[in-house]
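The values are calculated or read from the model by the stated rules, or taken from the named source; none is laboratory data. Predicted model only: the values in this text are computed from it and were never measured. A quick note on method: Cβ atoms are made from the backbone with ideal geometry, for glycine too, and the neighbour counts reach across all protein chains shown. Remember, those area values only see protein heavy atoms, side chains included, never the ligands or the DNA or RNA. Shrake-Rupley method; radii C 1.70, N 1.55, O 1.52, S 1.80 Å.
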Amino acid sequence: AGFFSALAGVAVPIVGALNGPAVGGGAMIAAECDVLLAVPGADLSIPELSLGVPGSGSHAKRLAPFFKVSRMLLLGERLTVEEAVTFGTVAQIVPADRLVSVAVQTASRIAALEPDAVRAARAIFRGPERSAAQAGYRAEMAAAVPIVGARLERERARGAG
């Protein structure tokens, strides 16, 4: 929880470079980025329910329209890089050998702007949504604890029986 709170609290824009699948927590990190670039074949997924715990849905709402994220959460659908470009989630698909240089160029364009104005604009733009995502993340973690605890108890009971 501390990692995602710290990431959400970063004052400067974050340029993300997806060099493959972003799964679960990786998708949550991608959702914290301000600009995402990705290689061909990259995708995002939130498989937590298939693992028996709630998670990532509150952050994943940033990645795609509501019903796509609902299917990602409930049915395990992946968000392909092509869909992500269509939805505006990924700014550009970049060949793997150019990913880092394009990410640096993108970050440099942002860095050339007035820093105080960028920080203020980002805080205003992301503030309400960040609060909602953090509240959702805390709720997901609170729901996961008793679910995991009950599963461990069932497994112990089977092992002792």
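Points worth noting:
- Dimensions in Å of the range 1-82 - Rg and Dmax from alpha carbons: 12.2, 35
- With all protein chains kept in place, the per residue accessible area of the chain amounts to 55 square angstrom at a probe of 1.4 angstrom.
- Cα long-axis angle, helix 66-75 against the chain (0 to 90 degrees, to the nearest 10): 40 degrees
- Residues whose placed amide H lies under 5 Å from that of GLY41, excluding near-sequence neighbours: VAL81
- Distance from the Cα centroid of the range 1-46 to that of the range 55-70 is 13 Å (rounded to whole angstrom).
- Descending semi-axes in whole angstrom, ellipsoid equivalent of the chain, from the Cα gyration tensor: 32, 19, 13
- Positive end of the dipole of the chain (Cβ unit charges, origin at the Cα centre): among ILE147, SER108, HIS59, the Cα lying farthest that way belongs to ILE147.
- Peptide packing: for 102-114, 67-79, the average count of neighbouring Cβ atoms within 10 Å per residue gives the ranking 67-79, 102-114, highest mean first.
- Relative contact order, whole percent, for the chain stands at 27, derived from Cα pairs under 8 Å and 6 or more residues apart.
- Accessible carbon and sulfur surface of the range 60-161 relative to its total accessible area, %, 1.4 Å: 64 percent
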